[in-house]
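> I'd like to ask you about the structure that follows.
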Amino acid sequence: MEQTLSIIKPDAVKKGVIGKIVDRFESNGLRIAAMKKVQLDASKAGDFYAVHKDRPFYGELVEFMTSGPVVILVLEGEDAMAKNRDLMGATNPKEAAKGTIRADFADSIDANAVHGSDSLENAANEIKFFFSKEEVI
Ligand code: ATP
Ligand code: MG
């Protein structure tokens with residue numbers, strides 16, 4: 001069983017599609033091991049996306065991720081990391097395959113509805129970054 005981290009980003013929370021996105025996970029065999037709604041501050045969002053700190057869009061990314069509440073989940077299941085990335089679709093929603101979360105709910109490359117861990121190592125680190133052991137069930 002694998003675990004991976006998902007974030008429903010501020011654009012999707014504002015649109016009122018938390019339930020529709022969670023349904024994509026559950027309908028595709030991913031179990032919700034943890035879930036919470038939080039307002040990130042610039043320090044927490046900046047640390048989370050520290051790998052991108054030298055990219056030109058870093059400032060906007062942190063601003064966007066703190067523009068409203070997010071929902072953070074731990075998803076569990078067979079091939080959970082890759083399965084979640086498949087369900088999400090490409091980073092740019094214009095390039096995302098039909099039927100993916102980003103194709104259906106995202107508007108732009110920055111407001112792209114969801115985050116998903118992109119390796120098992122990152123998944124483990126990202127889960128630890130947001131959740132205590134007791135919160136992941
Ligand atoms: P995420 O890490 O959020 O799951 P991803 O792995 O598909 O998305 P990354 O390359 O890790 O994409 O980029 C992280 C986030 O930075 C993207 O989700 C997007 O919101 C933003 N981003 C990436 N590229 C650009 C860009 N060229 N312009 C603006 N924002 C971008
Ligand atoms: Mg990424």
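The values are calculated or read from the model by the stated rules, or taken from the named source; none is laboratory data. All values reported here derive from a predicted model rather than from experimental measurement. Cβ coordinates were reconstructed from backbone atoms using ideal geometry, including for glycine residues, and neighbour counts include every protein chain displayed. Calculation scope for accessible area: heavy atoms of the full protein, side chains included, ligands and nucleic acids excluded. Shrake-Rupley method; radii C 1.70, N 1.55, O 1.52, S 1.80 Å.
> Which is open to solvent by less than 70 Å² (accessible area, probe 1.4 Å), within 15 Å of ligand 2 (Cβ to nearest atom), closer than 28 Å to residue 137 by Cβ and in contact with a strand residue (DSSP E or B) (Cβ under 6 Å, 6 or more places away or on another chain), of 70, 74?
Result of the check over 70, 74: 70.
> Search region 77-103 for residues being open to solvent by 40 Å² or more (accessible area, probe 1.4 Å) and in contact (Cβ under 8 Å) with a residue 24 or more places away in the chain, and hand back the single one that is nearest to residue 40 (Cα to Cα).
Checking each candidate, the answer is 85.
> Quick check on my filter: what residues within region 1-26 are outside any helix (DSSP H, G or I) and closer than 24 Å to residue 125 by Cα?
1, 2, 3, 4, 5, 6, 7, 8, 9
> Need at least 2 residues that are at pLDDT 95 or above and farther than 20 Å from residue 17 by Cβ per element, so show me which helices (runs of 4 or more DSSP H) inside region 27-137 make the cut, counting only ones lying wholly within it.
Here the list reads 42-48, 58-65, 80-88, 120-130.
> So in region 117-137, with the set limited to residues that are touching a strand residue (DSSP E or B) at 6+ places or on another chain (Cβ under 7 Å) and acidic (Asp, Glu), which one is surrounded by the most Cβ atoms within 10 Å (Cβ to Cβ)?
Ranking the qualifying residues of region 117-137, first place goes to 126.
> Residues in region 104-116: is at least one closer than 15 Å to residue 34 by Cα, open to solvent by less than 50 Å² (accessible area, probe 1.4 Å) and within 16 Å of ligand 2 (Cβ to nearest atom)?
Looking for residues that are closer than 15 Å to residue 34 by Cα, open to solvent by less than 50 Å² (accessible area, probe 1.4 Å) and within 16 Å of ligand 2 (Cβ to nearest atom), one finds at least one in region 104-116, hence yes.
> Quick test of your reading of the structure: residue 127 fulfils all but one of (1) closer than 20 Å to residue 35 by Cβ; (2) under 12 Å from the mean Cα position of the chain (by Cα); (3) within 13 Å of ligand 1 (Cβ to nearest atom). Name the failing condition by number.
In the conditions (1) closer than 20 Å to residue 35 by Cβ; (2) under 12 Å from the mean Cα position of the chain (by Cα); (3) within 13 Å of ligand 1 (Cβ to nearest atom), residue 127 misses (3) alone.
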